[in-house]
Amino acid sequence: MAHLGRGATLWASAAFQPLPPMPALDAILFDVDDTLFSTTAFTTLARRNAVHAMVEYGLEATEEQALAELKEVLSEFGSNYDHHFDKLVIRLMGRSKLIDRRAMIVSAGVVAYHDTKFQGLAPFEDVHPLLDGLVATDTRVGVITHGWTGKQTEKLIRLGLIPTPFSPDTVFISDAVGINKPNPKLYQLALTDMGLTDRTRVMYVGDNPDNDIAPPKSLGMKTVWCKRASKVTETQVVPDHAVNNFRELADILRDVYEIPLPTLID
């Protein structure tokens, strides 16, 4: 047998060293509302500020009466309707009031609502640290969210999440693609568009078990129920993981899925 020499032996030894394990996830996709920020807390504050301004500008009701009536309007017309405050004024003051006065009261509410957006719309404090950590790895990130295109993109921009860490081609909004949650086709469309062929290597993180956990789980994706702002306390849907915040999620991604993330601290 020919002797290969010491250099060849060292090369052969190095060539067959085991490679470090690959992270067990190719991508992590996120819900937006009550997952990346507290939609419930924000809308409660914004509506209260709007009603306060409307009463100051002449709405003939107490703030509590106006809030109760606004809750009915929202229930009847849906949260994505564009004229909640108009309906509120008509219902509380009738249609016989001067149109200019009604317009002024509605405008006061709109301004106060949007001022709250400018000042108070912010992600949970652990969102950017986690996403920045993921961007530094080979794990891709994206969004699958239910809602109107304009409203959802505005939220992502105000939260400082577009164009990074989320890029426009990894954001999937139900209105824009024509498929609503909880239809699993919405999740499948995102997987196909992002070229994610192995569903078992993709994770989805959301707050609603029926809308955010059951559909991707039915496709074989990994699922995480983020419970901190969830309106649901108990569910028959069993996620792969349940967390109270993104610090706990970071620990799971690092310890279970071997994604090299830093430890997130308070």
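Here, each number is a calculation from the coordinates, and none is a lab measurement. This is a predicted model, so every value here is computed, not measured. Cβ: placed from backbone, ideal geometry, glycine included. Neighbour counts: every protein chain shown.
What to note about this one:
- Charge tally for residue 201 (other residues, Cβ to Cβ under 14 Å; Lys, Arg +1; Asp, Glu -1): -2.
- Taking the helices alone, the chain has a mean residue ellipticity at 222 nm of -14000 deg cm²/dmol, built from -39,500 (n - 2.57) per DSSP H run of at least 4 residues and averaged over all its residues.
- Paramagnetic label zone (point 7 Å from Cα along Cα-to-C-beta, residue 71; backbone N under 13 Å) in region 23-50: 44, 48
- Under the span-like rule (Cα at least 27 Å along the axis, Kyte-Doolittle mean at least -0.5), DSSP H helices of the chain: 99-120
- Cross-link pairs exceeding 23 Å between alpha carbons, from the set 117/185; 155/222; 181/222; 87/231; 151/217; 87/181: 117/185; 155/222; 87/231; 151/217; 87/181.
- Shape category assigned to region 193-266 from the gyration tensor of Cα positions, a/c cut at 1.5: oblate
- In region 144-193, the chymotrypsin sites (Phe, Trp or Tyr not before Pro) that fall in loop regions by DSSP, at most 12 other Cβ within 10 Å: none
- Charge context of residue 158, other residues only, Cβ under 11 angstrom, K/R +1, D/E -1: +2
- The candidate values were (1) 27, 22, 17; (2) 34, 20, 19; (3) 49, 18, 16; the one computed from these coordinates for semi-axes √(5λ) of the Cα gyration tensor in Å carries the label (3).
- When each of 77, 118, 42, 30 is scored by the number of other beta-carbon atoms lying within 10 Å, the sequence from fewest to most is 118, 77, 42, 30.
- Scaling the Cα radius of gyration of region 41-120 by the globular reference 2.2 N^0.38 Å produces a ratio of 0.99.
- Taking Lys and Arg as +1 and Asp and Glu as -1, the other residues whose beta-carbon sits under 12 Å from that of residue 260 total -2.
- Calculated FRET efficiency for the pair residue 164/residue 244, C-beta based, R₀ 35 Å, to 0.05: 0.85
- Residue 234-residue 198 FRET efficiency (beta carbon distance; Förster radius 30 Å; 0.05 resolution): 0.40
- Packing-based ranking, highest mean first, of 153-161, 78-86 given that Cβ atoms within 10 Å are counted: 153-161, 78-86
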